[in-house]
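Data first, discussion second: the structure below is written as structure tokens.
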Amino acid sequence: MKEMGVPTEDIHKFADALHWLYYFPPQVKADMQRMGMSVDWRRSFITTDVNPYYDSFVRWQFNLLKKLNKVKFGERNTIYSVLDGQACMDHDRASGEGVGVQEYTGIKLQVLLDDIHQESQYLVDGVPVGQKLSDPEFRKKLGNRKLYLVAGTLRPETMYGQTNCYVGKKLDYGVFEVSDTEAWVCTERAAKNMAWQKLFKEKGVVVKLMDLKGSDLVGVPLSAPHSPYPKVYTLPMEKVLADKGTGVVTSVPSDSPDDYITMMDLIKKKDYYQIQAHWVEPFMPPKPIIKTPNLGDLAAVKVVTDMKINGQGDQRLPEAKEIVYKEGFYQGVMLVGKYAGK
Ligand code: ZZB
């Protein structure tokens, strides 16, 4: 309050929540007048139940809507404090003001548990591929549940172009119990968030079956929904963020510059990244799924090539992503699937 210029001797008055109704409006009015705004101040009034006329207007409106069956009590997603057991709105936060709710679509890529052994002859950081997921103790805990890597995406319409899945090799993941029939792999942070969104058995309760590092997932075969390939592989990406989405990224190199350039890196430096040819080569070049007016039908490939982006560490990738995003999302026409031609 001091920073806003409220005199110290006046600050205690705000202990009465109504005080601000009388303190701020005259200041805002003065500012607007100074800016030369033309406002008919005779028509201004205070809202909230402090003003009985306004209050009865709102009551009348809501009672009428209720009578018409237009008002329902329900839940919505919001930023919530687990510690306080209540929603934590913008001004209540010590940090993170202005952060809103971001809705992601979760994509379940099923781990092909019966095929993992086909990859176990290959090593990643000295450990056979899929060793942790093949551990008999873990399999006992997993029981008959199907196991999925759950990727967070803002572009579910691009799933027809999935060629692989990316994880951060050094990131921490877990296998979390979702129900009696499913378990999901994601970051613990995402599991917690999903548990509070009632996606798991019991609201707010996270049951972890096993800890994993991203490197434990590299090379693991998956079945990705709507992908043209029956089997795709889990691959490493340097820039996967631990605190975004689920920490698992499904990859669409035709329409995501990050996904395309990472795949090219992996293909070029297979030894360095400890990648097998059959995890990457059959999936390139990408298949077109969206046609755009200015970038053709492989928008990410065109932009990466035109901008001469040379690797997954290139600083211009956010710019490339922005260009492809705008073009594909707003002007793209689907070439495949249920919405082809739209
Ligand atoms: C599939 C996909 C296909 C994506 C596409 C993009 C594009 P934004 O807009 O910056 O919020 N993503 C999700 N989680 C992570 C993570 N933990 N670390 C790094 N990247 C992550 O980005 C949202 C996108 O970032 C998501 O949508 C996901 O990749 C990735 F054709 O999923 B997307 C031009 C983009 N095209």
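The values are calculated or read from the model by the stated rules, or taken from the named source; none is laboratory data. Values in this document were obtained by computation on a predicted structure and should not be read as measured data. Glycine also receives a Cβ, built like all others from the backbone with ideal geometry; neighbour counts cover every protein chain displayed.
Tally time: how many residues in region 154-170 are surrounded by fewer than 21 Cβ atoms within 10 Å (Cβ to Cβ), within 9 Å of the ligand (Cβ to nearest atom) and assigned to a loop (DSSP other than H, G, I, E, B)? Step through it out loud before you land on a result.
Pass one, region 154-170, residues surrounded by fewer than 21 Cβ atoms within 10 Å (Cβ to Cβ): 154-156, 159, 169-170.
Filter once more, so that each one left must be within 9 Å of the ligand (Cβ to nearest atom): 154-156, 159.
Among the residues that remain, those that are also assigned to a loop (DSSP other than H, G, I, E, B) are: 154-155.
Residues that pass the stated criteria total 2.
Scanning region 60-88 for residues that are of a type in the set (D, E, K, R), under 38 Å from the mean Cα position of the chain (by Cα) and more than 30 Å from Gly204 (Cβ to Cβ) turns up Lys66, Lys70. Determine whether region 116-128 contains at least one residue that is at pLDDT below 95 and of a type outside the set (Phe, Trp, Tyr). Looking through region 116-128, none of the residues is at pLDDT below 95 and of a type outside the set (Phe, Trp, Tyr). Only one of the numbered conditions (1) surrounded by 15 or more Cβ atoms within 10 Å (Cβ to Cβ); (2) farther than 19 Å from Gly130 by Cβ; (3) away from the ligand (no atom under 15 Å from the Cβ) is not met by Glu281, and that is (1).
Could we say that Leu241 is touching a strand residue (DSSP E or B) at 6+ places or on another chain (Cβ under 6 Å) and outside any helix (DSSP H, G or I) here? Considered against the rule, which asks whether it is touching a strand residue (DSSP E or B) at 6+ places or on another chain (Cβ under 6 Å) and outside any helix (DSSP H, G or I), Leu241 comes out as no. The single residue among Tyr104, Tyr173 that is within 16 Å of the ligand (Cβ to nearest atom), farther than 21 Å from Pro236 by Cβ and in contact (Cβ under 8 Å) with a residue 40 or more places away in the chain turns out to be Tyr104.
Of all residue pairs spaced 6 or more apart or on separate chains, those with beta-carbon atoms under 7 Å, a first member in region 233-252 that is in contact (Cβ under 8 Å) with a residue 24 or more places away in the chain and on the phi > 0 side of the Ramachandran plot and a second member that is assigned to a strand (DSSP E or B) and within 7 Å of the ligand (Cβ to nearest atom) are Gly245/Gly152.
Could you give me the residue pairs with C-beta distances under 6 Å whose first residue belongs to region 327-342 and is within 11 Å of Tyr160 (Cα to Cα), whose second residue is not in a strand (DSSP E or B) wherever it lies, and which are 6+ apart or on separate chains? The qualifying pairs are Met334/Ala340; Met334/Lys342; Leu335/Pro288; Leu335/Ile289; Val336/Tyr160; Val336/Ile289; Gly337/Tyr160.
Flag set for Pro225, criterion: outside any helix (DSSP H, G or I), in contact (Cβ under 8 Å) with a residue 24 or more places away in the chain and either surrounded by fewer than 21 Cβ atoms within 10 Å (Cβ to Cβ) or within 15 Å of the ligand (Cβ to nearest atom) (or both).
Please indicate, with yes or no, whether at least one residue in region 194-204 is within 22 Å of His278 (Cβ to Cβ) and either touching a residue at least 24 places away in the same chain (Cβ under 8 Å) or within 16 Å of the ligand (Cβ to nearest atom) (or both). No, that holds for no residue.
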